[in-house]
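The values are calculated or read from the model by the stated rules, or taken from the named source; none is laboratory data. Remember, it's a predicted structure, so these values are computed and weren't measured experimentally. Note that we place each Cβ from the backbone using ideal geometry, even for glycine, and neighbour counts take in every protein chain shown. Ligands, DNA and RNA are excluded from the accessible area calculation, which covers all protein heavy atoms including side chains. Shrake-Rupley method; radii C 1.70, N 1.55, O 1.52, S 1.80 Å.
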Amino acid sequence: MTSESGTTPRVDVRLSWIIVGLGLVLAGCGAGAAVASDDPRSLTDAPAPAAMAIQDAPGVSEALPADTVVSPIADFIDGPGNDLSTLAEIHQGTAKCMQDLGWDYIAPDLSVLDGSKSPSTLGALREWTATYGYGITTQPGQGSAIREAIDAQDAYQAQRGPEARARYLSDLHGPDGTDEGAPICADRPGCAAQAERDAYADVPAADGTLLEVLGGMLEDIWASEEYVAALNRWHTCISDQGLDFARKGDAKRTVLDRIGTSSDLEALQAYELRVATADLACAESTLLPMAIPLEAQVVGELVARFPEYAAAGDR
């Protein structure tokens, strides 16, 4: 949509978050934003702190139980399975704030996305992966409800005159020139930013200091001999399946890369299912038995250092 002045007005870019999910992408405060790996569901992708030697981590049996949490860190940072409840709270808060200012705000129907996020327990993830792979090419139409909300928002703005549209966008995102992409923890004006701060008030993902500490802990783990050895075992396992990736994150990336070079949806889906199921099976036998207890230990260390998030650690 283009305004009468010839410039493209700002739209509710926060709606697009739903399409890519919450995850650590929303953290973005300070150096901690760099902690997200190619696969934020686990440590599976680079000497542990003195207080947390890897060889001292509690063991996990090779056949991991179905109720095992795939990534204790991901569940701690953003909530179990990165569910959509926080995002729903953001849109509800934005709508109320805008309504209090005399505007309508068209929030997306998040219920259509209930099955679009990979689950957080290993047994459920096995089933989900067998059906959806990574969930990249295998869930067509998931974004349609989101597109409808964005289009409805645009249509509502189009019905306003230039001055009214400018006031609407200012109330929603702050005055013109406000950095809409600023971190959640930043003091940004506008109803959307206020709703984000309120929704994330008790969520570790919005704490820049905690994320910096976490980033340092993860870097130590990724640099350890134990981690590198486990990653090499994963590489051998995936190679035995006829696949070859330099880094673990490259497995998912090859699916994304093929989308831009092929229009054969059936072939894309078959490739995604093959790669994702092999990726998870190899991770279960190599990386996850090491990563899961370490992640649980990392969460314990974070809760000890940041006791205000003890409830998040108990989820």
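Things worth noting here:
- Whole-Hz Karplus values for the stretch 265-272 come out as 4, 4, 5, 4, 5, 4, 5, 4 Hz, taken residue by residue from phi with 6.51 cos²θ - 1.76 cosθ + 1.60 and θ = phi - 60°; glycine and proline positions read x.
- FRET efficiency estimate (nearest 0.05) - Cβ-Cβ, S85 to A246, R0 41 angstrom: 0.65
- When only alpha carbons of the stretch 273-315 are considered, Rg and Dmax amount to 14.6, 42 Å.
- Each Lys and Arg contributes +1 and each Asp and Glu -1, all at the Cβ; summed about the Cα centre of the stretch 178-302, the dipole is approximately 380 debye.
- Ranking by accessible area, most exposed first, for E225, E148 with a 1.4 Å probe: E225, E148
- Across the protein chains, with a 1.4 Å probe defining accessible surface, the residues D109, D78, D240 rank D240, D109, D78 from largest area downward.
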